[in-house]
Amino acid sequence: MGITEVLPASVFQLNVDVFVASAMAVERQPLSGLNASQRSLSVRTATFTDLKSALSTLRSKAQALTQAGSLSPFQAKAVSSSSATVATATASPSALPAVHTLSVSQLAKLSTIVSQQLTGSATDVVTAEGAGAKSVKVTYDGTDPATSGTAVTVNVTLTAGDTDSTILTNLATAINNDSTLGAKVSASVVGDTATTARLVLTSKQTGQANKVRVADTTGTLLSKLGLSGESASVGTGGGFLFADNLLDATFKLDGLAITRSSNSGSDVLTGVTINLLGLSTLDVTLTASADKTSMKASVQEFLDAYNKALKFLRERTLSGSSLAGDMTYGSLVSNLRSDAGGKVSSAQIGIGDSALLADVGITAAKDGTLSIGDTTKFGSAADTKLSGLTDLFASANGVATRLITRLDEFVNSLNVSTNRGGIIDGSLSTVTSRVNN
């Protein structure tokens, strides 16, 4: 009789484990494939999302270059000053290119009235005026406070024993707390010496048209304070600091004498705001012209957005990348370069009736990215061929216009009523369906 070998239980268990592990590996193969597909689809989703963002930004920058009228970046104007310590100026698109001469003989000032000098710890005022409620009227437009309809009444109560400093502080607080006066007049108590103080009322806007005036209505508090806008302050006495004829700005522009209540005005030159900063008997030159710096910045923003979108597309359509082999997006690279590099009819920059970006100093690198390589050419076009520079980007077949038409096909959002959207939204929808499946 033969001898039968009995295998240990551990060996039997090992064989079962190997068999199960092998079987499970086979069963997991479809799941592994699905996980790999899902990761690939997630990458495509992120790619389409980022691509739409980059192309939408490019479209926005292109749209900015096609704006018409005062919104056009090519209509921007600037004003240079030969002496920025005397005057500066800013310009809107409506400003006319021109050269102006300016001299400034007087700057506009804030109307200011002060009380007489009072000893802070003394009780002279309440002793002379007496305790009780007192009312004063204040105007901020130069009119007589006793009769003007714009006068604001301010009330303050004097109590026996109030120091002069307390009374000045209470009156200043009442003026500042009034909603109308608080926007027009500033009241403060200034300690002009270690033991004395004065009440100071100052207009918040310059010029005689904003002159501050005051008058007693109940009692004679202002008289006791020596606070009057009708006489000049001399020494420690109360009164105004600047006479009426010193409150307005006086200057000459192109030889014409001009007076204004403010040191900043936009009603002297069309589209230009002049800011007076100092005095000068010599002429300062203000030159209004095309704002080449602003124009260049707007075009540079467009080029930056173009370069970013182009680089992103090139990277994602390379072999092995998320959009490799997708002709829709592969051809977009060449189409964008064609839209940017093609001639623009009716853009008269140099000789002939068509122009290229290169004619204004914008050149392409080997990878297709664009830059303003020749700033002299760009500046010259802005100076002498501004309409041609504008048409190069914004005309019916301008560079920016062509790109907008191209990009709309890709970045338009889904229209619910027609169930149609841009190509990228369609691609995203397809990817989402595959992920769900």
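The values are calculated or read from the model by the stated rules, or taken from the named source; none is laboratory data. All values derive from a computational prediction rather than experimental measurement. Cβ coordinates were reconstructed from backbone atoms using ideal geometry, including for glycine residues, and neighbour counts include every protein chain displayed. In case anyone asks, the SASA skips ligands and DNA or RNA and just uses the protein heavy atoms, side chains included. Shrake-Rupley method; radii C 1.70, N 1.55, O 1.52, S 1.80 Å.
With all protein chains in place and ligands, DNA and RNA left out, the 1.4 Å accessible area ranks Phe302, Phe242 as Phe242, Phe302, largest first. With the convex hull of its Cα atoms as the shape, the chain has an orientation-averaged projected area of 46.8 nm². Ser280 contributes an accessible area of around 20 Å² to the protein surface, as traced by a 1.4 Å probe with all chains present. By a 1.4 Å probe calculation restricted to protein chains, Glu409 has an accessible surface near 100 Å², given to the nearest 10. Among the helices of the chain, those built from whole DSSP H runs whose Cα atoms reach 18 Å or more along their own axis and whose mean Kyte-Doolittle hydropathy is at least -1.0 are 9-65, 164-177, 292-316, 327-341, 423-436. On the basis of the beta-carbon distance and an R0 of 30 Å, Arg314 and Ser94 show a calculated FRET efficiency of 0.10. Over the chain, DSSP H runs of length four or greater, each weighted -39,500 (n - 2.57), average out per residue to a 222 nm ellipticity of -13000 deg cm²/dmol.
Computed about its Cα centre, the charge dipole of the stretch 156-240 is approximately 280 debye, with only Lys, Arg, Asp and Glu carrying charge at their Cβ. With all protein chains in place and ligands, DNA and RNA left out, the 1.4 Å accessible area ranks Tyr306, Tyr140 as Tyr140, Tyr306, largest first. Close Lys pairs in the stretch 72-222, defined as Cα atoms under 15 Å apart and 8 or more places apart or on different chains, number 7. How many angstrom separate the Cα center of the stretch 79-136 from the Cα center of the stretch 286-322? Answer, in whole Å: 47.
The string of couplings for the stretch 141-149 from the Karplus curve (6.51, -1.76, 1.60, θ = phi - 60°) is 10, x, 7, 5, x, 6, 10, 6, x Hz, one whole number per residue in order, with x for Gly and Pro. Structural descriptor for the chain: relative contact order 21 percent, calculated from alpha carbon pairs under 8 angstrom and at least 6 residues apart. For the chain, the carbon plus sulfur part of the accessible surface works out to 53%, probe radius 1.4 Å. Taken per residue, the accessible surface of the chain reaches 51 Å², heavy atoms only and a 1.4 Å probe.
Considering all alpha-carbon pairs of the stretch 121-249, what whole percent are spaced by more than 21 angstrom? Taking all Cα-Cα pairs of the stretch 121-249, the fraction more than 21 Å apart is 37 percent. As a calculated quantity, the FRET efficiency between Ile423 and Thr376 at R0 = 30 Å, using C-beta atoms, amounts to about 0.15. Apply 1/(1 + (r/R0)^6) to the Cβ-Cβ distance of Ala243 and Ser179, taking R0 = 22 Å, and write down the FRET efficiency to the nearest 0.05. That gives a FRET efficiency of 0.15. Here's how it looks for Ser83: its modeled amide H is under 5 Å from those of Thr285, which are all 5 or more places away or on a different chain.
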